[in-house]
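The values are calculated or read from the model by the stated rules, or taken from the named source; none is laboratory data. Remember, it's a predicted structure, so these values are computed and weren't measured experimentally. Neighbour counts are summed over all protein chains in view; Cβ atoms, including those assigned to glycine, are modelled from backbone coordinates with ideal geometry.
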């Protein structure tokens with residue numbers, strides 16, 4: 001976050017607060033091309049494939065839906081590398097459709113311990129009672 005001062009053409013910025021960078025996860029299907037592996041994103045807005053180095057594939061298999069983390073670019077040309085974080089299974093299964101929709105709309109799918117604890121406490125209360 002920054003404060004911008006000055007006049008048009010002569011602006012100056014002062015850093016107020018450095019925001020935490022959130023790693024964007026990419027959902028996609030693993031595809032083999034010869035000796036290489038590619039990630040085909042489920043989100044068509046990305047309009048690009050990713051390279052999956054063999055040591056970053058984990059136990060994912062060709063044709064599976066996976067969640068992957070983009071790696072830092074070390075070269076200007078070529079596909080960006082990703083690291084597979086989680087196997088999500090059949091890309092045409094009912095669970096996959098929900099995960100793809102959640103990912104494309106930016107909805108939270110993972111919650112911190114405090115949120116899970118609050119949900120567990122709320123589940124023990126009878127319906128219709130206001131929280132105390």
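Do we find that residue 126 is surrounded by 13 or more Cβ atoms within 10 Å (Cβ to Cβ) and either free of Cβ contacts under 8 Å to residues at least 24 places away in the same chain or on the phi > 0 side of the Ramachandran plot (or both) in this structure?
Here the answer is no, as residue 126 does not meet what is asked.
Could you list, in sequence order, all residues of the stretch 62-77 that are over 15 Å from residue 92 (Cα atoms) and surrounded by fewer than 14 Cβ atoms within 10 Å (Cβ to Cβ)?
Hits for the stretch 62-77 are 72, 73, 74, 75, 76, 77.
Which strands (runs of 3 or more DSSP E) does the stretch 1-103 wholly contain that include 3 or more residues that are in contact with a helix residue (DSSP H, G or I) (Cβ under 9 Å, 6 or more places away or on another chain)?
26-33, 65-70, 82-89
Which ones in the stretch 104-132 are part of a loop (DSSP other than H, G, I, E, B), under 21 Å from residue 24 (Cβ atoms) and modelled with pLDDT of 75 or more?
Matches in the stretch 104-132: 111, 112.
Taking only pairs six or more apart or across chains, which ones have beta-carbon atoms under 6 Å, a first residue in the stretch 85-109 that is touching a residue at least 24 places away in the same chain (Cβ under 8 Å) and on the phi < 0 side of the Ramachandran plot, and a second residue that is assigned to a loop (DSSP other than H, G, I, E, B) and surrounded by 14 or more Cβ atoms within 10 Å (Cβ to Cβ)?
87/60; 87/64; 100/42
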